[in-house]
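The values are calculated or read from the model by the stated rules, or taken from the named source; none is laboratory data. Small disclaimer: the values here were computed from a predicted structure and weren't measured. Here Cβ is always computed from backbone atoms with ideal geometry, including for glycine, and neighbour counts include all displayed protein chains. Only protein heavy atoms, including side chains, enter the accessible area calculation; ligands, DNA and RNA are left aside. Shrake-Rupley method; radii C 1.70, N 1.55, O 1.52, S 1.80 Å.
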There are 2 protein chains.
Amino acid sequence: MEYANSIVVNYRNNELATSEFRTHTCGGLRDSNAGEKIKLSGWVDAVRTFGPLTFVSLRDRHGTTQLVFSNDSKVSLEEANQLKPESVIRITGDVRERPSNMRNSNMATGDVEVVVDSLETLNTCAQLPLQVSTGSEVASEEIRLRHRYLDLRRASLQQNLVIRSKVSMTARNYLCDHGFLEIETPTLFKSTPEGAREFLVPTRTKNQFYALTQSPQQYKQLLMVGGLDRYFQLARCYRDEGGRADRQPEFTQIDLEMSFVEQSDIMGTIEGMVKKIWQVAGATIDLDKKFPIMSFDEAMSRYGVDKPDTRYGLEMRDVTQLMPQDVFQGVESVRAINAKKLGLNSFSRKDISELEALSKRLSVDGKGVFVVKVEEVANSLKNQTWKSSLAKKLSPEQLGSLNELLDVEAGDVILISSGSYSNVCTLLGRMRIQCAQQLYAKGFLQEELNPLNYNHLWVVDFPMFELDDDAKGLSATHHPFTAPQAQHLPKLLELLGSGHNAWEDAKMQDELLKIKAQHFDLVCNGWELGGGSIRIHSMDLQNAVLQQVLNLPEVQKKSFEHLLHALGHGAPPHGGMALGLDRLVAILCGAPSLRDVIAFPKSTTGNELMTGSPGPVTPEQLHEYHITVKEPKQ
Amino acid sequence: MEYANSIVVNYRNNELATSEFRTHTCGGLRDSNAGEKIKLSGWVDAVRTFGPLTFVSLRDRHGTTQLVFSNDSKVSLEEANQLKPESVIRITGDVRERPSNMRNSNMATGDVEVVVDSLETLNTCAQLPLQVSTGSEVASEEIRLRHRYLDLRRASLQQNLVIRSKVSMTARNYLCDHGFLEIETPTLFKSTPEGAREFLVPTRTKNQFYALTQSPQQYKQLLMVGGLDRYFQLARCYRDEGGRADRQPEFTQIDLEMSFVEQSDIMGTIEGMVKKIWQVAGATIDLDKKFPIMSFDEAMSRYGVDKPDTRYGLEMRDVTQLMPQDVFQGVESVRAINAKKLGLNSFSRKDISELEALSKRLSVDGKGVFVVKVEEVANSLKNQTWKSSLAKKLSPEQLGSLNELLDVEAGDVILISSGSYSNVCTLLGRMRIQCAQQLYAKGFLQEELNPLNYNHLWVVDFPMFELDDDAKGLSATHHPFTAPQAQHLPKLLELLGSGHNAWEDAKMQDELLKIKAQHFDLVCNGWELGGGSIRIHSMDLQNAVLQQVLNLPEVQKKSFEHLLHALGHGAPPHGGMALGLDRLVAILCGAPSLRDVIAFPKSTTGNELMTGSPGPVTPEQLHEYHITVKEPKQ
């Protein structure tokens, strides 16, 4: 595991000095301290004996210092040799420069060592269920989570938490410098039956429940109506999505909202903040280069996904016109990807079959891709040999055009998908990622896919509505408060002016699907860092969208009443964004899992192994909340 | 209502400028802008007509700007006159200096006005349920809470939220500068049956519940065991205490924990942070003067409370030896307060009776105080006339000593309480506050009790244990993790070494009550800002306290197992503190209620009137969480 940088908190040394326990931290001594009498406290990282000397590495969050004991020491060698790893000691001693051949340039304190003249054990350590010491093997995740207080002593986790703290503060200070107020909003909200599953919180009033907020969306819009102008919060949010990989039931988002702005104002603010975060974290970023902006349609067409990883190519091409008409008759779209070089260094018939099988599992309609390996080197591009029955059906001209369009060379692997445009794009988008991972495993794309190589990208021009999963009506692509793009507003108003309901009017529905929204996503390396939008600030428009387009259940419409009321009392034009902090930090640290950037994460099933949370409660507690646990059905 | 200050966010003006909506905020124009063409957006605060001119005050969070319309304007007077309060408009116009006799030095923009050349209504406003405009009457709290998005437009509330934001950022930046890491801890914890009532959160695993954290106490100690050295968090905490005045079910605390420190290190850090907060908020504080430190015993003896308001005197005096023995035979303690000047400007027999009746309600044992009014002015202090039957029982020497001890003058009112030392102190402590409020209402103590006059005070040397409410055993005065003072540790170890259980050994119990803890409270103006302590870092000592002193139910002991395990694996000496952010900001703002410093507060019954939270949920939701709402008993 590499880390983006090695941030050290810039405390002044004396800030951490406490009269009783330490004059310096374990990372603070330099050769300029030689000759000083100092006091340190920390954990015994390792004890090593070399001939007549014993060396003890003393560790804290700030570093490690070498302590030396000899027969001349005021503290006996025996006492030093008996020190157990992870016990806590306090020492006093004299700093001296190490002999020049003993200096360790990999350690900040590597030029010095401390000759100890007093040693006191502040706390002992029982037998360790996992190794903490630098460089020792990392235990299984279950053991680590169960003993998180030990796992947290490892430098890599501490480093992640240091970066996380820096990121939070950088975001906050940036936003405060730009006229934002940090405002806390409630997490005890009411249940609004929409979106992800909510955690419920019973109250002592019978049948009255709070629900934990999934996001401060409504509150932040109400703050804008309240004239607070610019709001932000590092907001704790809750979603009961147990079982989904690498999700946490509680997570944090950098949440903000701005009044009197257009989409570009919000994007500019966020871009500045993200660049500042990357910069402060010591990560590579070009501060002068604007993040590229790509439309949703282009992202789908080139990468088959609305959050493309643009660090590498393998882009999709439309090959519909180059395909034999008899084979692909009546097919809406045929598209292809050239997984460049995937066929090099052995790529057997079995690999092809596996790739095709994988594509069937990843496809929406069960129809996979067709995989072609390009085998022989030839002098001319047009003479590559496609090891495929398909090639036989292609004219030399078609084959030539395909080779040119897809930049085909020997050793390449071509993936072809046919069907509806939307399904083809989605499937090839997923296969593109799979191929990239396989290429990375084979030693290709090493630079591109280095976790610390970052490509930021804005994706814009999303459709305002999309078909419901059951295709019976429309739902909001992001949320019901997203405003339409200005040039689409007249059309939207015209459609709504008909008084029809979208779910009863197929033509209206088709037209509505063409309306683009003022929504924008920030993407980095194939992850969505966050999304934002300009909101609807007109009560009438918001009401029409809720009533005529979204076909919401009555209870849900009712839950928006106060928001409609607020919009009707002088809501300013406004919009905002939310960025997932956990994911952002994980990307920044190159951490493979969100659990590596959270101090006390829960498992995929929502359990915290260390404290045994969640757990049972007493009948008295349930009684107070007027609830009973249901008996299982017999 | 006065406010501590008038903080203005120091944004650079162009940071809030957005091409489409504004070049300046409504608080930004100065006479140096005269002649400029500008664009503003905001709310119509008021429309006034003077002869041929119409003035519109345009308002946003940053201030108010005067717009001028005349017959010469490009925008018709009629259009201006039709503007409704709280509608949202955008204007362009020219800045000009006001005539010298029209300047308003009470407004930041009072030297200029804007001659409008275009006006656009961005949003309308329906009939207002409450008045927002500056200086208008404040509606009832219920109306305000129901339409919080309008109430929030009032400058006083906005100012409070600005101060709150500043306070949070100041605390964070201060702590980061002192080597602290901001680390988020879970709020979904397990139920630990102790302390305040917890909110439960059912999970989709039957009979498994999360509980919302009451504080991050255990997590922050585990972070110290994890070697994170210094932690802080502005932590959201939850307590289900509905019905208690001015409490919120969710609240925020500035929470921190430090390793390798003594009590004085933590106090020094907090004191520095609090001074910085007061300074940044523009409140009066002497940065060079250390906060005074008072022992718990002294606080109880002088003020009858562990969080004394030291801005005024009215201190308690021990008068046991000066009382007639026949009246107070066998009484442990007689103590008195001189409510100086309370008898001036009419203080009738009825007032005395009411004060005595009040004291009965406030007393632990139903026994009130004895109230004496001192009536006639005389030449000698010793000759004040006590209007009381008690005076007749006192010898001239006793009366003289009392007059001297209590500094008695005509017009004073003496309150005398007798009984157990503890009850007497508690009752007189409560009566002291009541008398101070009565004096304030009479026009005395105006300077002392000004909400913006701040007295900070440390209270230390608390007992480690106290008698249970039912006096059958001991409980931890603060929490079971508080460490004993070093000089009391040997005694504590000796007592625990007996192997006895405190609740079965009356002598041991008495001795334990004398052990002082390393706990400290920060008090300001009679409010507890927060409390902290050095924690027990020895597993054996922590275990003995839990097992032999506190007599906890088995389930509760079990819930501490992981903490004991952690202490046994190299826990460093550590301690920390938590400050209530809501209360701190309320004190700083001179706000009468916590609801005035929270954007969306809940009512005393835990309801949020604006969104109608909490509310009912569907049977399907309950089904997923394996719970049912209990039927009422027939």
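Here are some notes:
- Residue list for the range B:417-438, restricted to those being of a type in the set (A, V, I, L, M, F, W, C) and open to solvent by 10 Å² or more (accessible area, probe 1.4 Å): B:Ile433
- Checking A:Thr121 against (1) facing chain B (nearest Cβ under 8 Å); (2) open to solvent by 20 Å² or more (accessible area, probe 1.4 Å), the condition it does not meet: (1)
- Yes/no for A:Leu200 being closer than 26 Å to B:Val201 by Cβ, facing chain B (nearest Cβ under 7 Å) and surrounded by 20 or more Cβ atoms within 10 Å (Cβ to Cβ): yes
- Considering (1) farther than 19 Å from A:Gly28 by Cβ; (2) open to solvent by 40 Å² or more (accessible area, probe 1.4 Å); (3) touching a strand residue (DSSP E or B) at 6+ places or on another chain (Cβ under 8 Å), the lone condition that A:Asp94 does not fulfil carries the number (1).
- Checking B:Ala578, B:Ala566, B:Ala571 one by one, the residue that is under 20 Å from the mean Cα position of the chain (by Cα) and under 30 Å from A:Trp43 (Cα atoms) is B:Ala578 and no other.
- Residue identified as surrounded by 15 or more Cβ atoms within 10 Å (Cβ to Cβ) and at pLDDT below 90 among A:Ala378, A:Ala410: A:Ala410
- For B:Val167, the requirement of being modelled with pLDDT of 95 or more, more than 30 Å from A:Cys125 (Cα to Cα) and among the aliphatic types (A, V, I, L, M) is met.
- Residue in the range A:582-599 that is at the interface with chain B (Cβ under 8 Å from one of its Cβ atoms) and open to solvent by less than 10 Å² (accessible area, probe 1.4 Å) present: yes
- Taken together, A:Glu404, A:Glu447, A:Glu409 contain a single residue that is charged (D, E, K, R) and either within 22 Å of A:Glu298 (Cβ to Cβ) or part of a helix (DSSP H, G or I) (or both), which is A:Glu404.
- Among the residues of the range B:162-171, those identified as facing chain A (nearest Cβ under 9 Å), touching a residue at least 60 places away in the same chain (Cβ under 8 Å) and open to solvent by 10 Å² or more (accessible area, probe 1.4 Å) are B:Arg164, B:Lys166.
- Residue in the range B:126-148 that is charged (D, E, K, R), open to solvent by less than 10 Å² (accessible area, probe 1.4 Å) and within 11 Å of chain A (Cβ to nearest Cβ) present: yes
- Residue list for the range B:179-197, filter: at the interface with another protein chain (Cβ under 7 Å from one of its Cβ atoms), under 25 Å from the mean Cα position of the chain (by Cα) and assigned to a loop (DSSP other than H, G, I, E, B): B:Ile183, B:Glu184, B:Thr185, B:Pro186, B:Thr187
- The one condition in (1) facing another protein chain (nearest Cβ under 7 Å); (2) crowded, with 21+ Cβ neighbours inside 10 Å; (3) under 27 Å from B:His626 (Cβ atoms); (4) not charged (D, E, K, R) that B:Asn207 fails to fulfil: (2)
- Selection status of A:Glu528, open to solvent by 40 Å² or more (accessible area, probe 1.4 Å), more than 27 Å from A:Ile293 (Cβ to Cβ) and charged (D, E, K, R): no
- Across the range B:137-153, the number of residues qualifying as in a loop (DSSP other than H, G, I, E, B) and touching a Lys or Arg at 6+ places or on another chain (Cβ under 9 Å) comes to 2.
- For A:Ser41, the requirement of being open to solvent by less than 50 Å² (accessible area, probe 1.4 Å), in contact (Cβ under 8 Å) with a residue 40 or more places away in the chain and away from chain B (no Cβ under 14 Å) is not met.
- Restricting the range A:210-222 to residues that are in contact with a helix residue (DSSP H, G or I) (Cβ under 8 Å, 6 or more places away or on another chain) and either within 8 Å of chain B (Cβ to nearest Cβ) or without any contact (Cβ under 8 Å) to a residue 24 or more places away in the chain (or both) leaves a set whose member that is farthest from B:Arg153 (Cα to Cα) is A:Gln218.
- Scan of the range A:106-148 for residues that are more than 29 Å from the chain's Cα centre (by Cα), of a type in the set (S, T, N, Q) and within 21 Å of B:Phe260 (Cβ to Cβ), ordered by number: A:Thr109, A:Ser118, A:Thr121, A:Asn123, A:Thr124
- In the range A:335-360, of all residues being assigned to a loop (DSSP other than H, G, I, E, B) and polar (S, T, N, Q), the one that is least open to solvent (accessible area, probe 1.4 Å) corresponds to A:Ser348.
- Which listed residue is assigned by TED's automatic domain parsing to the domain that holds B:Arg61 and over 25 Å from A:Ser191 (Cβ atoms), from B:Ser118, B:Ser168: B:Ser118
- The single condition among (1) closer than 21 Å to B:Leu152 by Cα; (2) away from chain A (no Cβ under 14 Å) that B:Ser100 does not satisfy is (1).
- For the range B:414-462, the candidate set comprises residues that are small (Gly, Ala, Ser) and under 20 Å from the mean Cα position of the chain (by Cα); within that set, the residue that is nearest to B:Arg335 (Cα to Cα) is B:Gly429.
- Residue match in the range A:284-297 (condition: open to solvent by less than 10 Å² (accessible area, probe 1.4 Å), away from every other protein chain (no Cβ under 13 Å) and either closer than 18 Å to A:Asn525 by Cα or outside any loop (DSSP other than H, G, I, E, B) (or both)): no
- Which numbered condition A:His565 fails, given (1) at pLDDT 95 or above; (2) facing chain B (nearest Cβ under 10 Å); (3) in contact with a Phe, Trp or Tyr (Cβ under 7 Å, 6 or more places away or on another chain): (3)
- Among the residues of the range B:243-264, those that are touching a residue at least 60 places away in the same chain (Cβ under 8 Å) and closer than 30 Å to A:Leu40 by Cβ comprise B:Ile254, B:Asp255, B:Leu256, B:Glu257, B:Met258, B:Ser259, B:Phe260, B:Val261, B:Glu262, B:Gln263.
- Filter pass, B:Gly532 being part of a loop (DSSP other than H, G, I, E, B), within 29 Å of A:Thr121 (Cβ to Cβ) and not assigned by TED's automatic domain parsing to the domain that holds B:Gln437: no
- Residues (surrounded by fewer than 17 Cβ atoms within 10 Å (Cβ to Cβ) and not in a strand (DSSP E or B)) located in the range B:452-472: B:Leu452, B:Asn453, B:Asn455, B:Asp468, B:Asp469, B:Asp470, B:Ala471, B:Lys472
- Within the range A:223-239, tally of residues that are crowded, with 24+ Cβ neighbours inside 10 Å, facing chain B (nearest Cβ under 7 Å) and in contact (Cβ under 8 Å) with a residue 40 or more places away in the chain: 5
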